[in-house]
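In what follows, a single structure is set out as structure tokens and then discussed.
The values are calculated or read from the model by the stated rules, or taken from the named source; none is laboratory data. Quantities reported herein were computed from a predicted structural model and do not represent experimental measurements. Methodologically, a virtual Cβ is constructed for each residue, glycine included, from the backbone with ideal geometry; neighbour enumeration extends over all protein chains shown. The area values use the complete protein model at the heavy-atom level, side chains included, leaving out ligands, DNA and RNA. Shrake-Rupley method; radii C 1.70, N 1.55, O 1.52, S 1.80 Å.
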Amino acid sequence: MNSTMTSKDTLIIKGGKALNGTIEVRGAKNAVTKIMVATLLSAEPSIIHNVPDIADVQVVGEMIRLVGGKVEQLSEGVLKITPTDLHQADTLELHKIAGTSRIPILFAGPLLHRLKEAKLPTLGGCEIGPRPIDFHLRSLQTMGATINEDEKAITITADSLHGAKIELTYPSVGATEQVLLTSVLASGVTELRNAAIEPEIIDLICVLQKMGAIIDVGINRVITIVGVEKLQGFEHSVLTDRIEVASWACVAAATNGKIMVKGAQQEPMMTFLNTFRKVGGEFGITSEGIEFWRGRPLTGITLETDVHPGFMTDWQQPFVVLITQAEGLSTIHETVYEDRFAFTETLNTMGAKIQLYQECLGGTHCRFENSNHLHSAVISGPTQLTGSNIVVPDLRAGFSYVVAALVAKGKTSISGMKTVERGYEKFETKLRAIGTEIIST
Ligand code: EPU
């Protein structure tokens, strides 16, 4: 795959001005990477459109190559994957490539169906909580797999896999994808209860249906999969990245500018759009995308993150920065990850007033009640942010630091931008397109 990604790890931004312009957002990182894995369920070639040029796509492409798949870039944003002859990969090599990616565990189902064994590295991911994979492993065992784990690798074996009744204790995105990617070729029927129904999962289900799978998405988070014997290749255009769209919306309102995000889709953004409007953001929806701006002086909000159709945890970080510019008190209760507010300490050093609490603030009680995790935040605003030297801790916090730098008076030097490249395409180009003053290093 050819990549146009930049290699700069430090970005120096001169902030404090309204940003205006048009940018384009392509396929969702959290859909395209899983769709790439789905190609391995068939020996036939598949073609994926609207693929963003981001590090996570490169990583999954390399992992597919390591198990014997051929990955070609046909043109910008178009990938062809031909997984005709698969074989086991060296787990050390997989580990080197996978790095912090959470995707390797999703290779389990396809590799079990094709090779009867999946040797996978232990997992990485952002520093936002322990992020266990117990739901994944339990689901695989329930469908007939045997699991052996040591410090470096997980070896999963199964001569055959069968359908099962599985109930997740929490509607995990990854575990739902695991069950989907494993059950489609398992014998018999799988009933998955308390499944995640994020738009990225529905996009994966659309792909699996194109491949020949039979999947019913029922009411109350019940997904029923009727196993089939064989799947075929597919051609699919990935849904737009709603996390990136929301991030640019926050930039527009936080800097008091106006940004047209081409490719943005209304339906997967509905909850964000409502919340954005409640705090004073405004938007216009056209056939090309969604334009965002500040409709009135920003005001505070009480909000909690949740699984779909709730307010996404990945929208939370840039939204927190937006809210530092809102009049009054805001309360945000993070219910998906226990440690997703650590990034606010740096915002406070830039002038924000954010206090963290262990209690479930804002009305509902979540899994992290009575734990010692600081998973509620109270934000007082508006606050003038000032430039600083900051380091990106994880992907979404990274974008939020960029939003903070764009709002802040003076210069901010942000290091660790390679982490941001994992999930945001042509990041610096887009920043320049909306008028960001970037100081060359
Ligand atoms: N969980 C368990 N056990 C499991 C799996 C999950 O306890 O076996 C818990 C997690 O610890 C977490 C909660 O369940 O508290 C939700 O985790 P989930 O499995 O839904 O998350 P994921 O599949 O690992 C994906 C995205 C995340 C996004 C979440 C929630 C990818 C590659 N990652 O993670 O995206 O925040 O769903 O929507 O799709 C990001 O893009 O920066 C990112 C972190």
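Observations on the model:
- Residue in segment 19-33 that is at negative phi, modelled with pLDDT of 95 or more, more than 18 Å from the chain's Cα centre (by Cα) and not hydrophobic (A, V, I, L, M, F, W, C) present: yes
- Scanning segment 85-117 for residues that are modelled with pLDDT under 95, in contact with a Leu (Cβ under 7 Å, 6 or more places away or on another chain) and within 14 Å of LYS34 (Cα to Cα) yields a count of 3.
- Among (1) surrounded by 24 or more Cβ atoms within 10 Å (Cβ to Cβ); (2) in a strand (DSSP E or B); (3) of a type in the set (D, E, K, R), the one test that LYS14 misses: (1)
- Matching residues, segment 169-180, being open to solvent by less than 10 Å² (accessible area, probe 1.4 Å) and either of a type outside the set (D, E, K, R) or more than 13 Å from the ligand (Cβ to nearest atom) (or both): ALA175, THR176, GLN178, VAL179, LEU180
- Among the criteria (1) crowded, with 20+ Cβ neighbours inside 10 Å; (2) under 25 Å from THR190 (Cβ atoms); (3) more than 13 Å from the ligand (Cβ to nearest atom), the one GLU44 does not fulfil is (1).
- Looking at SER160, SER183, just one residue is open to solvent by less than 10 Å² (accessible area, probe 1.4 Å) and away from the ligand (no atom under 13 Å from the Cβ), and that residue is SER183.
- Scanning segment 219-230 for residues that are surrounded by fewer than 19 Cβ atoms within 10 Å (Cβ to Cβ) and of a type outside the set (S, T, N, Q) turns up ILE219, ARG221, VAL222, VAL226, VAL228, GLU229, LYS230.
- Count - residues of segment 198-218 that are under 12 Å from HIS308 (Cα atoms) and open to solvent by 10 Å² or more (accessible area, probe 1.4 Å): 4
- Condition check for THR146 on (1) more than 11 Å from the ligand (Cβ to nearest atom); (2) surrounded by fewer than 18 Cβ atoms within 10 Å (Cβ to Cβ); (3) more than 21 Å from PRO104 (Cβ to Cβ): one failure, at (3).
- Of all residues in segment 408-436, those satisfying the criterion of being in contact with a helix residue (DSSP H, G or I) (Cβ under 8 Å, 6 or more places away or on another chain), crowded, with 20+ Cβ neighbours inside 10 Å and under 13 Å from ILE12 (Cα atoms) are THR412, ILE414, MET417, LEU431, THR436.
- Any chance GLU359 is surrounded by fewer than 24 Cβ atoms within 10 Å (Cβ to Cβ), assigned to a helix (DSSP H, G or I) and among the acidic types (Asp, Glu): no
- Qualifying residue in segment 125-136 (condition: open to solvent by 30 Å² or more (accessible area, probe 1.4 Å), outside the structural domain of GLY416 (by TED's automatic domain parsing) and more than 12 Å from the ligand (Cβ to nearest atom)): no
- Residue match in segment 79-88 (condition: open to solvent by less than 30 Å² (accessible area, probe 1.4 Å), within 14 Å of the ligand (Cβ to nearest atom) and not β-branched (Val, Ile, Thr)): no
- Among (1) in contact (Cβ under 8 Å) with a residue 24 or more places away in the chain; (2) more than 16 Å from the ligand (Cβ to nearest atom); (3) open to solvent by less than 50 Å² (accessible area, probe 1.4 Å); (4) at positive phi - the single one GLY68 does not satisfy: (1)
- Residues that are within 16 Å of the ligand (Cβ to nearest atom), of a type in the set (A, V, I, L, M), more than 23 Å from ASN50 (Cβ to Cβ) and in contact with a Leu (Cβ under 7 Å, 6 or more places away or on another chain) are absent from segment 379-395.
- Candidates GLY289, GLY310, GLY295, GLY257, filtered to the one that is crowded, with 18+ Cβ neighbours inside 10 Å and either farther than 17 Å from VAL403 by Cα or among the aromatic types (Phe, Trp, Tyr) (or both): GLY289
- Residues that are more than 30 Å from ALA404 (Cα to Cα) and charged (D, E, K, R) within segment 197-254 comprise ASP203, LYS210, ASP216, ARG221, GLU229, LYS230, GLU235, listed in sequence order.
- Residue check, THR324 within 16 Å of the ligand (Cβ to nearest atom) and open to solvent by less than 60 Å² (accessible area, probe 1.4 Å): no
- Each residue in segment 187-197 was checked for being more than 16 Å from the ligand (Cβ to nearest atom) and surrounded by fewer than 24 Cβ atoms within 10 Å (Cβ to Cβ), and 4 of them qualify.
- Qualifying positions in segment 378-393 - open to solvent by less than 10 Å² (accessible area, probe 1.4 Å) and either touching a residue at least 60 places away in the same chain (Cβ under 8 Å) or within 11 Å of GLN317 (Cα to Cα) (or both): ILE379, LEU385
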